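Single-structure report; data block below.
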Amino acid sequence: MLDHHFHISVLVNEVITNLVTNVDGIYFDGTLGGGGYTAEILKVLSSKGKVIATDLDDSAIRFCKRKFENEKRLIMIKENFKNIKKILESLKIEKIHGAVLDLGISSYQINSPEGGFSYRFETDFDLRFDKSQGIPAYEILNNSTRNELREIIWNFGEDKFAAKIATALENYQKKKKIKSTRDLVEAIKSITPPNKLYETLSRVFQAFRIVVNDELNNLKTFLENVIDVVDKNGRIAIVSYHSLEDRIVKEFFRYEEKSCICSPPIIKCECGKTSRLRRINKKVITPSEYEIKMNVRARSAKLRIAEVLR
Ligand SMILES: C[S@@+](CC[C@H](N)C(=O)[O-])C[C@H]1O[C@@H](n2cnc3c(N)ncnc32)[C@H](O)[C@@H]1O
């Protein structure tokens, strides 16, 4: 399979130029996908440099094993990026020089029926990145009350019609359990105007994907851990695709940049906090109009970068 069939990487130049500050360094790519970022990092690294890359999806690891078969500077592991500390420990690596996450799903995951990531294919409504662990989306859906469904769709899909959608899902399930993506589309079709159907489905898929994979907690855990393993002056770059993720990154970077959190009026700082990060871009970086024209998936991308201070 050609690289661009698997995935077209987003904001590549912006990520690589801001991330790689040491050509002999060790870099962590937590979301390997089609290996787009990893390939570009390897291009600028010297023969001493290294990339440690993780993905939870077997198809991404399989694709990249072939793509990078002769690359000695790369270690690929099927793992959750939230376990960055444990992964580096197992490799006996104390410090790295930068880490990147490109959140969400790859084009391959959207465009292939096996993952159940898209409403365009009739397949199990699964949504797990790693099919060997966790609970598929349809099971969560089957075992949730109307109120729980409303909360999932409201909190993680940010859909203002969450209550109406939850009722439709409950009513549908009285006749037939939702198992496939087709079932889900049928249930939602009954209450959504045709011109809003795809928007609603995208939000519902996003909501369940976040829950099934515990995506927001993975990101929080990663941020709390990565700051301890990136060396002084090393960078952390995160590309996110929706406001829930971007808010977590923005708030974390802002908080870690602050050297004092005492409540005003402050005569003498007593909180003992120190600044652990410096934001490289105060204003979020987004793709150019040209990039969005060439790759519509880039349209919601937001890049934030911070430098570790100690
Ligand atoms: C947008 S794609 C990455 C694309 C990649 N940057 C490229 O240029 O080809 C996101 C990838 O992250 C993986 N992923 C999502 N959550 C993960 C997690 N917690 N740990 C490891 N991989 C994860 C997905 O399986 C998917 O392959």
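A few notes on this one:
- Spatially, the range 234-263 and the range 98-139 are offset by 26 Å when compared through their Cα centroids.
- Ascending count of other beta-carbon atoms within 10 Å, so fewest first, for 274, 221: 274, 221
- Gain in span if fully extended, residue 46 to residue 70, counting 0.36 nm per residue against the direct Cα distance: 7.1 nm
- Backbone amide hydrogens, once placed in the peptide plane, bring residue 51 within less than 5 Å of 27, 74, 75, excluding anything fewer than 5 places away on its chain.
- Entries of 48/95; 65/302; 78/131; 160/282; 43/283; 85/232 with Cα pairs more than 23 Å apart: 65/302; 160/282; 43/283
- For residue 268, a cut-off of 21 angstrom between C-alpha atoms picks up these lysines, skipping any fewer than 8 places away in its own chain: 258.
- Working note: 222 nm ellipticity from helices only, DSSP H runs with n ≥ 4, each -39,500 (n - 2.57), summed and divided by the residues of the chain, gives -13000 deg cm²/dmol to the nearest 500.
- Each of 76, 294 was scored by other Cβ atoms within 10 Å of its Cβ. Listed from fewest to most, they are 294, 76.
- The range 118-213: C-alpha gyration tensor shape, a/c 1.5 cut-off, then a/b vs b/c: rounded
- In the chain, Cα pairs under 8 Å separated by at least six residues give a relative contact order of 18 percent.
Computed from the coordinates by the stated procedures, all read-outs in this text should not be read as laboratory data. Note that the structure is a prediction, hence the values are computed from the model and not measured. Note: ideal-geometry Cβ built from the backbone for every residue, glycine included; neighbour counts use all protein chains shown.
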